[in-house]
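Novice: Quick one: the structure is below, and I'll ask about it shortly.
The values are calculated or read from the model by the stated rules, or taken from the named source; none is laboratory data. Everything numeric in this text was worked out from a predicted model, so none of it was measured. Counting neighbours? That spans all protein chains shown, and the Cβs are built from the backbone with ideal geometry, glycine included.
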Amino acid sequence: MSDATLTAEILPPPAARSEMRAAPGPLRFEERLAAPFILKSLSAEARESYRRGIQEFFRHAGGIHLTQVTQEHVLRYRDNLIRDRRRPATVAQKLSVVRSFFSYCTDIVKQVTIDIRYSKTTGTD
């Protein structure tokens with residue numbers, strides 16, 4: 001699968017995106033937020049695994065925004081996988097994708113915070 005194909009699957013068409021922005025309501029998870037994380041992998045198989053894993057987790061969590069995810073959501077997801085009799089290796093792999101995605105998001109927030117602090121101390125924008 002090419003990067004263009006993967007991006008097309010993650011991002012809705014431009015018209016749909018503008019409609020999505022116009023709709024008021026609670027924050028919801030948008031798959032496009034995961035695109036940079038997914039696309040950083042060189043392997044098409046890994047990209048597909050990440051996409052499916054993230055999509056499945058947020059579907060299970062009710063589509064909440066990534067800033068609203070708690071440890072409880074992850075534990076319920078894990079318990080649901082076990083209840084569905086998923087193999088231990090499958091459970092571990094799916095949880096690894098979730099953990100890696102949130103680690104990636106945390107790293108971005110840390111870098112932005114560092115950049116903002118640097119900008120304030122040096123007086124640059």
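Novice: If the requirement is being under 24 Å from ILE108 (Cβ atoms), surrounded by fewer than 12 Cβ atoms within 10 Å (Cβ to Cβ) and at pLDDT 85 or above, which of these qualifies: LEU27, LEU42?
Specialist: LEU42
Novice: Are any residues in the stretch 57-67 surrounded by 17 or more Cβ atoms within 10 Å (Cβ to Cβ) and either in contact (Cβ under 8 Å) with a residue 40 or more places away in the chain or farther than 24 Å from LEU27 by Cβ (or both), and if so, which ones?
Specialist: PHE57
Novice: Oh, and also: Can you find a residue in the stretch 105-116 that is modelled with pLDDT under 95, within 12 Å of the chain's Cα centre (by Cα) and surrounded by 10 or more Cβ atoms within 10 Å (Cβ to Cβ)?
Specialist: Just the residues of the stretch 105-116 that are modelled with pLDDT under 95, to begin with: 105-116.
From what's left, within 12 Å of the chain's Cα centre (by Cα): 105-106.
Checking the rest, the ones that are also surrounded by 10 or more Cβ atoms within 10 Å (Cβ to Cβ) come to 105-106.
Within the stretch 105-116, one or more residues are modelled with pLDDT under 95, within 12 Å of the chain's Cα centre (by Cα) and surrounded by 10 or more Cβ atoms within 10 Å (Cβ to Cβ).
Novice: Let me ask something else about it. Among residues belonging to the stretch 86-99 that are more than 18 Å from the chain's Cα centre (by Cα) and of a type outside the set (Ser, Thr, Tyr), point out the one that is surrounded by the most Cβ atoms within 10 Å (Cβ to Cβ).
Specialist: Within the stretch 86-99, the match that is surrounded by the most Cβ atoms within 10 Å (Cβ to Cβ) is ARG86.
Novice: Looking at (1) touching a Phe, Trp or Tyr at 6+ places or on another chain (Cβ under 6 Å); (2) modelled with pLDDT of 90 or more, can you tell me which one ARG86 breaks?
Specialist: (1)
Novice: Just to be sure before I move on: is SER119 assigned to a helix (DSSP H, G or I), closer than 16 Å to PHE37 by Cα and either modelled with pLDDT of 95 or more or polar (S, T, N, Q) (or both) in the structure I sent?
Specialist: Values: assigned to a helix (DSSP H, G or I): yes; closer than 16 Å to PHE37 by Cα: no; either modelled with pLDDT of 95 or more or polar (S, T, N, Q) (or both): yes.
Here the answer is no, as SER119 does not meet what is asked.
Novice: Would you confirm whether or not the stretch 68-85 contains a residue that is surrounded by 12 or more Cβ atoms within 10 Å (Cβ to Cβ), closer than 13 Å to ALA34 by Cα and in contact (Cβ under 8 Å) with a residue 40 or more places away in the chain?
Specialist: No: zero hits.
Novice: Condition check: modelled with pLDDT under 95 and surrounded by 12 or more Cβ atoms within 10 Å (Cβ to Cβ). Does ILE54 satisfy that? Step through it out loud before you land on a result.
Specialist: Numbers: modelled with pLDDT under 95: no; surrounded by 12 or more Cβ atoms within 10 Å (Cβ to Cβ): yes.
So ILE54 fails the test.
Novice: I need a count of the residues in the stretch 59-92 that are in a helix (DSSP H, G or I) and closer than 17 Å to THR106 by Cα.
Specialist: Matching residues across the stretch 59-92 total 5.
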